[in-house]
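Okay, structure first, notes after.
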């Protein structure tokens, strides 16, 4: 399977204190094929304390925020606390 797009987004969740309205910097995003139907991705950010969401699709059209978080039409998706 060949994946054409890897969409990476980040949502900051603040429960106390001021809301962080400055978007983090995402840099050096990369994805590699590690097997016939597997891969690995990596991205660097200048902020911690949030959640990184990933969404892999064969479509050239970026997903909506709702589809991104729910994984609608994704080959694979997920999130990780950073």
Suppose we keep only residues that are more than 10 Å from the chain's Cα centre (by Cα) and closer than 18 Å to residue 81 by Cβ within segment 33-48. Which one would you say is surrounded by the most Cβ atoms within 10 Å (Cβ to Cβ)?
45
Within segment 52-73, is even one residue at pLDDT below 85 and in a loop (DSSP other than H, G, I, E, B)?
no
What number of residues in segment 20-38 are farther than 24 Å from residue 66 by Cα and assigned to a strand (DSSP E or B)?
6
The listed residue being at pLDDT below 85 and part of a loop (DSSP other than H, G, I, E, B), out of 41, 17, 9:
17
Residues that are surrounded by fewer than 14 Cβ atoms within 10 Å (Cβ to Cβ) and in contact (Cβ under 8 Å) with a residue 12 or more places away in the chain, drawn from segment 49-72:
49, 58, 59, 60, 62, 65
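The values are calculated or read from the model by the stated rules, or taken from the named source; none is laboratory data. Treat the numbers as computed from the prediction; the structure is a model and nothing was measured. Every residue, glycine among them, receives a Cβ derived from its backbone with ideal geometry; neighbour counts consider all protein chains shown.
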